[in-house]
Every structure is written in structure tokens, then in C-alpha cells.
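The values are calculated or read from the model by the stated rules, or taken from the named source; none is laboratory data. Computed from a predicted model, the values in this text were never measured in an experiment. Quick reminder, even Gly has a Cβ in these numbers, built from the backbone with ideal geometry, and neighbours come from all protein chains shown.
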Amino acid sequence: MKYYCAAMLAGLVLISGSLYAQKFEGLALTPPMGWNSWNTFACNVDEALIREMTDAVVSSGMKDAGYTYIVIDDCWHGQRDSLGFIHPDPQRFPSGIKVLADYIHSKGLKFGIYSCAGDKTCGGRPGSRGHEYQDAISYAQWGVDYLKYDWCNNTGLNSVGAYTTMRDALYAAGRPIVFSLCEWGDTKPWEWAKDVGHLWRITGDITDCFDCEVNHGSWSSWGIIKTIELRKGIRQYAGPGHWNDPDMMEVGRGMTLNEDRAHFSMWAMLAAPLMAGNDLRNMKKEVTEVLTNKDVLAVDQDSLGVQGLKFNDNENGVETWVKPLKNGDWAICFLNKSEQKQKIDFDWAKKYIADDISKKTLNTNKTTYSIKDLWTKKNLGSTKKNLIAEIPSHDVLMVRLMK
Ligand code: GLA
């Protein structure tokens, strides 16, 4: 009888576990926006830096533009204690993580942290393998709102199992946390992660060049164009609460202003998460203007949540990308990948755009749209006339068609 009761209890726990284990719903209904330490600071993170960056998000106007999450990436970690709980590096974070999270919250922002499914992070710090539930409890206690979860040192791990375990641990700890999978697209997370996390990396690490590959031996990092081109046919997997993530932004980190503008525009067209990665304390005015362009942000954050698609491939190095928007408007982005400036002459009447994912169509013979240039803010007339323009090398013309 005793054995029977114990078996029933175990069964109930298992059933309730599988019924109630889920990701937190209602989060990241538009692509998450914020700042992450990795691209500029790598392992050089400490509490003073994170506070300064928090202040800069507010003073630069980025907070008002929608940037919300301040994320410490790798290397904040110290040791695990005798019970296995993780603690921050005592030299770099002497006040502890909760005090830092409280500071970020006091500015009306949210706080993100980083860990890894393997036993060590990519930077060699303690990973969460075998400590998932303990770490989730610590994150909840500290006031974490966002977890980026990496995939280094994963020998013997199954990605679906490892990420689902952390999802369940976060859910059990009870604090709603955006779960950002950083598995680089290795095992096609777009096919399985919709119910596991809120965004998933689709590529390896980005780097600050327009179109290059940097070979690190066993892996490469990718410039903007290569990152865009690496994965094809996965836009149907993105939507409110579950986004394809082409990695954090390189805006303001050394590319030209044209390239920054093209990069930012394309991330918006792709409904990508927008995590700035530059040093916000000494941003040039032009960089702030790119990151806070409200019209481009509105395309990224559009509540329909449809990832844009390529409409025209490569006419003289110019690609045409389109994105249907909630109110029947469309964003159109002409991306000049070539080394020269290029002229475009776009005859709307001859272009019938049909998106078989969202089932939206753009037929300018039926509906006339007015055209707004989202960078110069100029009115470019209507779709009754051809759109004729010249686009500088490595730049875009990004417009919104308005009914
Ligand atoms: C991996 C991730 C990066 C960053 C580093 C940290 O390379 O893809 O985004 O988090 O690890 O070590």
C-alpha cells in the first residue's frame, strides 16, 4: 500500500510537471530591445560599467525609444558555494547582483544575465549544467528579467533537453524571465524552440564588418551581410513571443555610418531582437540617431510580428526587402550591397508582392500608398509614380508605404 501511494504520488508529480512546465507566455511579444556587454567589453565587465551603461541608456534617449534590457554577458561569475549556488565575481561585482538589478529596475529598465548549458561558459566560467534549478532560483531572487543561455562545452548534451531543462527551471522558480537561446542555429532551434524560449540565435557570432568572415579555426564570426545570408527559409518560425535572432548589433562599433544604417535597417526588416553592443557612454550623435530612429524601430517592433522577406534579388547589387505591417502599411528596404552607389527605378505598378507566410499582398494598382523615407523623413510621393533614387554603397533606402 505504501509502495502504491508513493508510486501514485511520483506519477502525479510527473504528470503535473509535464502539464505545467512551459515557457513564460506573454513576454517578448515584439522583438526584445536592450544593450548587451559582449560585443565591446567581452570579459571586462564589472558593476560600475553596468551602472554607467544603464545611465547612458536613459540619458541618450534609448530608453524612451524602447531599449529595455541591460544584459551582462559572460564572465560576471565567481565560484559556486559548498551547496552549489553560483555567486558573482567578488572583485568585479562587490555589491552583489541583486543590488545591481535593483539599480537597473530603479531606472525603469530590466535586467538580463548570461549562463551556458554546458559545464563551463564560453569564457570558461561555471556553466549551469547540473545546476539549472539552483541557478534559476538565484536569478529569480536577484530580480533577473532575461537570460541568455549559451551552448559551449556541451559534450554529451542534447540541445532540446538542455534548453528545456532550463526553461522548466525558470518556470519553477516563478519569476517571468525572457529566455534567449544562444545555440547558434546548430540544431535548428527554429524547428523546436517555439515552446522553449522567446528568441534563438540562428547564426554564430557577429563581427563589426559589413561583409566579411573572420576565421577563428573551429568557428567563424560573420559580418552583417553574411549573417543575413546564412539562414534561408526560416522566417515562418518567427512571430510574437518567438523570434529568430541574428545576433546583437554592431552599430557604433567601427563600421561607416552608411553601413550602420544598413545594418540597423535590415535588423528591423528581419524583426530581429535589437540589442545594442556599443559603448553608450561616448556614442557619436550620428550613432545615437541611428539607434533611436523611431520610424525604423516601429518597423522592427510592429505588432504583426512578421519577419520581412527578400523580394528582388541582386539587381546591380541591390536587393529589395519587404515587410508587411499591422495596419496594412508596408516597409520596403532597398539594400545596396555593392561597392558603388546604385540607381534604382522601381515601378510599383509592375510589382505585385504576395507574402505566402502572412498572406498579405501589396498591389499598388488597387491601392495607392504614400511613401515616406524613414531616414531623411521626406515624403517621396506616391506609388502612382516610379521610385527613382540613388543609394550610396553599403547603404539603404528604407521607406514606409502608407495607405
Ligand atoms: C558565445 C556567444 C556570444 C557571447 C560569448 C561569451 O560566443 O555566441 O554571443 O555570449 O559566447 O563568451
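Brief remarks on what is shown
- Residues of region 120-151 that turn out to be closer than 20 Å to Phe41 by Cα, away from the ligand (no atom under 11 Å from the Cβ) and of a type in the set (Ser, Thr, Tyr), as a count: 1
- Pair list, Cβ < 7 Å and 6+ apart or interchain, from region 144-163 residues that are over 30 Å from Val99 (Cβ atoms) and outside any loop (DSSP other than H, G, I, E, B) to residues that are within 13 Å of the ligand (Cβ to nearest atom) and modelled with pLDDT under 95: none
- Residue in region 46-61 that is under 13 Å from Lys110 (Cα atoms), modelled with pLDDT of 95 or more, within 18 Å of the chain's Cα centre (by Cα) and not aliphatic (A, V, I, L, M) present: no
- Selection count where residues are of a type outside the set (A, V, I, L, M, F, W, C) and within 22 Å of the chain's Cα centre (by Cα), scope region 130-164: 10
- For region 180-194, a tally of residues being surrounded by 24 or more Cβ atoms within 10 Å (Cβ to Cβ), touching a His at 6+ places or on another chain (Cβ under 9 Å) and assigned to a loop (DSSP other than H, G, I, E, B) returns 1.
- Just one of the listed residues (Asp247, Asp260) is in contact with a Gly (Cβ under 9 Å, 6 or more places away or on another chain), touching a residue at least 12 places away in the same chain (Cβ under 8 Å) and within 16 Å of the ligand (Cβ to nearest atom), namely Asp247.
- Pairs with Cβ under 7 Å, 6+ apart, first in region 190-201 and in contact (Cβ under 8 Å) with a residue 60 or more places away in the chain and over 17 Å from Arg235 (Cβ atoms), second within 15 Å of the ligand (Cβ to nearest atom) and in a helix (DSSP H, G or I): Val196/Tyr163; Gly197/Tyr163
- The sole residue among Ala101, Ala117 that is away from the ligand (no atom under 16 Å from the Cβ), closer than 26 Å to Arg167 by Cβ, touching a residue at least 24 places away in the same chain (Cβ under 8 Å) and buried (at least 17 other Cβ atoms within 10 Å of the Cβ) is Ala101.
- Set Ser370, Ser358: member being out of contact with any Phe, Trp or Tyr (no Cβ under 7 Å at 6 or more places or on another chain) and surrounded by 17 or more Cβ atoms within 10 Å (Cβ to Cβ): Ser358
- Residue selection: Gly197 satisfies the criterion of being under 21 Å from Phe111 (Cα atoms), at pLDDT 95 or above and part of a loop (DSSP other than H, G, I, E, B).
- Residue in region 197-209 that is more than 16 Å from the ligand (Cβ to nearest atom) and farther than 24 Å from Trp35 by Cβ present: no
- Search result, residues across region 78-98 that are surrounded by fewer than 15 Cβ atoms within 10 Å (Cβ to Cβ) and not in a loop (DSSP other than H, G, I, E, B): Gln79, Arg80
- Taking region 237-329 and the strands (runs of 3 or more DSSP E) fully enclosed by it, the elements with 3 or more residues that are of a type outside the set (Lys, Arg), modelled with pLDDT under 95 and surrounded by fewer than 24 Cβ atoms within 10 Å (Cβ to Cβ) are at 309-315.
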